[in-house]
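What follows is a single structure, written as structure tokens, with notes after it.
The values are calculated or read from the model by the stated rules, or taken from the named source; none is laboratory data. Computed from a predicted structure; not experimentally measured. Using ideal geometry, Cβ is built from the backbone for each residue, glycine included, and neighbour counts are taken over all protein chains shown. What goes into the accessible areas is simple: the full protein's heavy atoms, side chains included, and nothing from ligands, DNA or RNA. Shrake-Rupley method; radii C 1.70, N 1.55, O 1.52, S 1.80 Å.
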Amino acid sequence: MDALRAKQQAAKALQATNTPSPPPKPQIEPNTAQEIDRKRQLLQDFDRGMSEKAEEMHKHELKELREKAKPMLQEINKLRDNKPLNPFKTKAWKQDLDKNLEQYNNLKTAHDTKQEKGITPEHKEMARTLYYKAFPDKYDKLYEIQKDVNSYDQQQEQQELQQRQAELAQRRQDREVQQADRGNDRDINY
């Protein structure tokens, strides 16, 4: 029995050494400027789409407020047209009219305020949330694209900074050499 197990284990070990190793992972080339430009364009298109969706949502909110105000205005006009002749009923009529006017004015103020503010960051955030709920995979890809673009931008800034620092170091060195040469010309030692 032990000999059988030993043979099975030896066969498994032999089989494990004969299995081909997984292929090496392909090396991902660093983002090229063209690829980053393409990704930037995708992000701009996405932002434009989100802005359009946010504007659509804003217009819809304004439309809802206007539709909500229409029956109120009709009720106010109806009350104004039907002023009671009986002086005992005018007080209740006046209170009813004032209440409806106050509700209408509050609604109108809310509408005007929303219209003045225009598209707010909340509208854009709602549009992004709706997009994420509808297309989570695409949204995640866009997030990765944004990370790639940001990473590329940081690399470019770092390279520019290193280049400027190297240029400054070279200028300092050249200046020191020139000063030393001037001192040698005049027999002055620094």
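Screening Ile119 against (1) under 16 Å from the mean Cα position of the chain (by Cα); (2) farther than 30 Å from Arg66 by Cβ leaves a single unmet condition, (2).
Residues being within 30 Å of Gly49 (Cβ to Cβ) and of a type in the set (D, E, K, R) are represented in the stretch 151-164 by at least one member. Name the residues in the stretch 139-180 that are open to solvent by 100 Å² or more (accessible area, probe 1.4 Å) and among the hydroxyl-bearing types (Ser, Thr, Tyr), would you? If the condition is that a residue be open to solvent by 100 Å² or more (accessible area, probe 1.4 Å) and among the hydroxyl-bearing types (Ser, Thr, Tyr), then Tyr143 is the only one that fits. For the stretch 119-138, check the following and say yes or no: at least one residue is touching an Asp or Glu at 6+ places or on another chain (Cβ under 9 Å), open to solvent by less than 100 Å² (accessible area, probe 1.4 Å), in contact (Cβ under 8 Å) with a residue 60 or more places away in the chain and in a loop (DSSP other than H, G, I, E, B). The answer is yes, given that some residue of the stretch 119-138 is touching an Asp or Glu at 6+ places or on another chain (Cβ under 9 Å), open to solvent by less than 100 Å² (accessible area, probe 1.4 Å), in contact (Cβ under 8 Å) with a residue 60 or more places away in the chain and in a loop (DSSP other than H, G, I, E, B). Taken over the stretch 31-54, the residue count meeting the criterion of being farther than 21 Å from Gly118 by Cβ and part of a helix (DSSP H, G or I) is 12. When Leu97 is tested against (1) assigned to a helix (DSSP H, G or I); (2) among the aliphatic types (A, V, I, L, M); (3) touching a residue at least 60 places away in the same chain (Cβ under 8 Å), exactly one condition is not met: (3). Does Thr113 meet the test of being β-branched (Val, Ile, Thr), surrounded by 11 or more Cβ atoms within 10 Å (Cβ to Cβ) and within 28 Å of Asp47 (Cβ to Cβ)? Judged against the criteria, Thr113 is not a match. For Asn31, the stated conditions hold: it is modelled with pLDDT under 90 and within 22 Å of Gln146 (Cβ to Cβ).
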